[in-house]
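The values are calculated or read from the model by the stated rules, or taken from the named source; none is laboratory data. The shown structure was predicted, so the numbers you read here are calculated from the model rather than taken from an experiment. No Cβ is skipped: glycine too gets one built from the backbone with ideal geometry, and neighbour counts run over all protein chains shown. The protein model used for the area step is the full one, side chains on, heavy atoms only, and it has no ligands, DNA or RNA in it. Shrake-Rupley method; radii C 1.70, N 1.55, O 1.52, S 1.80 Å.
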Amino acid sequence: MKKFIISILTLLVSMVIICPSVIAGGAGPSKDLLKGEILSVDPASHTLKFRKDTTDEELTLIYPESMKPEDIPVNRKVLVNLVHLEGAHEGEAAHAAPEMREIKSIEIMFLDMTIVRIIALMAIGAVGGLLSGFIGSGGAFVMTPAMMSLGAPGAVAVASNMCHKFPKAMVGAYKRWKYGQADIKLGLVMAVSAIVGVQIGIMIQKAILAAFGGAGSNLYISVVFLVVLIFVGGYVMMDAISLAKGTKEEKVGTLALKMQNIKIPPMIHFKTANITVSAWITLPVGILTGMLAATIAVGGFIGVPGLIYVLGVSAVVASATELVIAFVMGCWGSIQWGLAGLIDIRLTVLLLSCSLIGVQLGALGTTYVKDYVIKLVMASTMLIVAVSRGAKVPGYLVDLGWMEPISDTALKVLDSISFWSLVTALGTAALIIIVAMVKGMMAHKQGTAA
Amino acid sequence: MATTTSKGKPWGKTVIMGAISLASYIFLFKNEQLVTEVYTKGGVNTIFPIVTVFWFSFVHGAFASNLLECLGIEAKSSH
């Protein structure tokens, strides 16, 4: 415990020191997103008076004609998304000439907590936690859209989920470290290099956004997402099936062996993972993980297979180590979203109420299953999530003008396919974990009784 | 966070941690307007959500760990 806490404290202190430089180019909300209160609405001129949070600066903003004045929430904390000015940098829209400060959308920041919302948040927290404790990466891909469908603004959903992710990962990492599965040193090395990768990933995304606009950027993200998920998920699935059938032995892969044979100093030994690898291999894997994490927002889908197939770590250690990475990345992300004041702590603690139980259940579940079960759960999740993202692609192609427009009904159907396949991914994964865990526990009980 | 394999179940710890956790939840939701206002000011106020989630993860995490142990759901002793 002492060693674990010292590692975490060292990390937090170093993050506080490096944070200002990281924030400069780091992930976080768009600067065209304003937080504050609408003071009054003037229907005659289609404008409203808005007071920005923190600076108390008052701005006159133009609202679109499609927006009814009576629907605009006055005297409530809102998030106002401004239309991005062509050729301008992010954040310049708020300081443009008054006639150019056009509103794209207005969202109420704090949703009212109804019983249905509370139960829904606790339920998704439980399943996400279970998944996180078991495969190291925990359903952010479904939590954020689920929170948005409950009524939370996108930025608040991302921020609150991020702030829930890191304490959950910390508890999971602690549990799995106690089981002798998490390699803290490997996790920290990977996480620090992944943060560098995230910066590069963001730069690439910004360049694509500037060149091809929003639809182009969405298409790029979807294509990377699909390619990574189908290829990596498919490979992990084939590997898991061969191991389950017994046609293949559980051993370090050829690529990983080649990587471990590259002896360019400095060589780093990772005790729990039981590997010695050159920093020249470890760092690029971490950077690439970060780059992809910045693009597809699910770092674990890359981090865990990277650790298994490139570095030669077992699935159980890889998924445990991913929790250390998730903690560091989540903590770093939460500080940034917190600085922007977008974390709704009520959402965060409601998610935590059940995810802290789920993550520990998932963590102890790994001690009852064979290595391939972790691969199986991860691969199934990745492949179903790929379906979800695939369903979004036609919409982006239409937006780009690369495909004939499709009807609104078809778009709605595709959207619900996308959302429900995410729910299926989470449900399937939870089911496999619970079945495997119960089977393992029963076999263990029978074994000890005999 | 007790995960010992001893036969005694940590009911006492579970109840204490559960009570502290529940009290924290009630406190937060009773003051939700103030809390959401203060926590979303940005800047140095970032410390509030961060410290709060650490608090919940220690208190509620310990409660969850003890609860699972009381229910007899424990990790396999040798893996």
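More than 30 Å from A:A273 (Cα to Cα) and hydroxyl-bearing (S, T, Y) - does that describe any residue in region A:192-213?
No: region A:192-213 contains no residue that is more than 30 Å from A:A273 (Cα to Cα) and hydroxyl-bearing (S, T, Y).
Are there any pairs, at least 6 apart or on different chains, whose C-beta atoms fall under 9 Å, with the first in region A:397-422 and closer than 24 Å to A:G213 by Cβ and the second outside any helix (DSSP H, G or I) and of a type in the set (A, V, I, L, M), and if so, which?
Listed by first residue and then by second, the contacts come to A:L397/A:M403; A:V398/A:I406; A:L414/A:A391; A:L414/A:I406; A:D415/A:A391; A:S418/A:A391.
Restrict the check to region A:379-395 and report whether at least one residue is within 30 Å of A:L33 (Cβ to Cβ) and without any contact (Cβ under 8 Å) to a residue 24 or more places away in the chain.
Yes, there is a match, as at least one residue in region A:379-395 is within 30 Å of A:L33 (Cβ to Cβ) and without any contact (Cβ under 8 Å) to a residue 24 or more places away in the chain.
Please count how many residues of region A:362-372 are buried (at least 18 other Cβ atoms within 10 Å of the Cβ) and not in a helix (DSSP H, G or I).
Qualifying residue count for the region: 4.
Looking at region A:269-282, is at least one residue in a helix (DSSP H, G or I), modelled with pLDDT under 85 and open to solvent by less than 30 Å² (accessible area, probe 1.4 Å)?
no
Given the structure, is A:K104 surrounded by 17 or more Cβ atoms within 10 Å (Cβ to Cβ) and either assigned to a strand (DSSP E or B) or modelled with pLDDT of 85 or more (or both)?
Judged against the criteria, A:K104 is not a match.
Here's the yes/no breakdown for (1) closer than 18 Å to A:V387 by Cβ; (2) among the hydrophobic types (A, V, I, L, M, F, W, C); (3) exposed (fewer than 14 other Cβ atoms within 10 Å of the Cβ):
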{"residue": "A:G213", "(1), (2), (3)": "no, no, no"}
{"residue": "A:N218", "(1), (2), (3)": "yes, no, no"}
{"residue": "A:I221", "(1), (2), (3)": "yes, yes, no"}
{"residue": "A:V228", "(1), (2), (3)": "yes, yes, no"}
{"residue": "A:L243", "(1), (2), (3)": "no, yes, no"}
{"residue": "A:G246", "(1), (2), (3)": "no, no, yes"}
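What is the residue count in region A:130-175 for residues that are at pLDDT below 90, polar (S, T, N, Q) and crowded, with 24+ Cβ neighbours inside 10 Å?
3
Taking into account only those residues within region A:373-410 that are polar (S, T, N, Q) and over 24 Å from A:S217 (Cβ atoms), which is surrounded by the most Cβ atoms within 10 Å (Cβ to Cβ)?
A:T381
Kindly indicate whether B:E74 is modelled with pLDDT under 95, under 23 Å from A:L350 (Cβ atoms), at the interface with another protein chain (Cβ under 9 Å from one of its Cβ atoms) and open to solvent by 20 Å² or more (accessible area, probe 1.4 Å).
Answer is no for this residue.
Identify, please: which residue in region A:52-74 is farther than 15 Å from A:K104 by Cα and surrounded by 15 or more Cβ atoms within 10 Å (Cβ to Cβ) and is, among those, modelled with the lowest pLDDT?
Per the criteria, the residue is A:D53.
Considering (1) in a helix (DSSP H, G or I); (2) open to solvent by less than 10 Å² (accessible area, probe 1.4 Å), say which one A:I343 fails and leave the rest.
(1)
What residue, of A:G180, A:G172, is out of contact with any helix residue (DSSP H, G or I) (no Cβ under 8 Å at 6 or more places or on another chain) and within 14 Å of another protein chain (Cβ to nearest Cβ)?
When all the criteria are applied, what remains is A:G180.
If only one of A:V359, A:V413 is among the β-branched types (V, I, T) and open to solvent by less than 40 Å² (accessible area, probe 1.4 Å), which one is it?
A:V359
Suppose we keep only residues that are open to solvent by less than 10 Å² (accessible area, probe 1.4 Å) and assigned to a helix (DSSP H, G or I) within region A:176-197. Which one would you say is farthest from A:W280 (Cα to Cα)?
Per the stated criteria, the residue is A:R176.
Restricting attention to region B:23-44, report how many residues are more than 7 Å from chain A (Cβ to nearest Cβ) and among the polar types (S, T, N, Q).
Going through region B:23-44 one residue at a time, the tally reaches 3.
When you look at A:A211, is it in the same structural domain as A:A363 (by TED's automatic domain parsing), in a helix (DSSP H, G or I) and among the aliphatic types (A, V, I, L, M), yes or no?
Here the answer is yes, as A:A211 does meet what is asked.
Only one residue in A:V385, A:V377, A:V349 is assigned to a helix (DSSP H, G or I), within 11 Å of chain B (Cβ to nearest Cβ) and within 18 Å of the chain's Cα centre (by Cα). Which one?
Only one candidate qualifies: A:V349.
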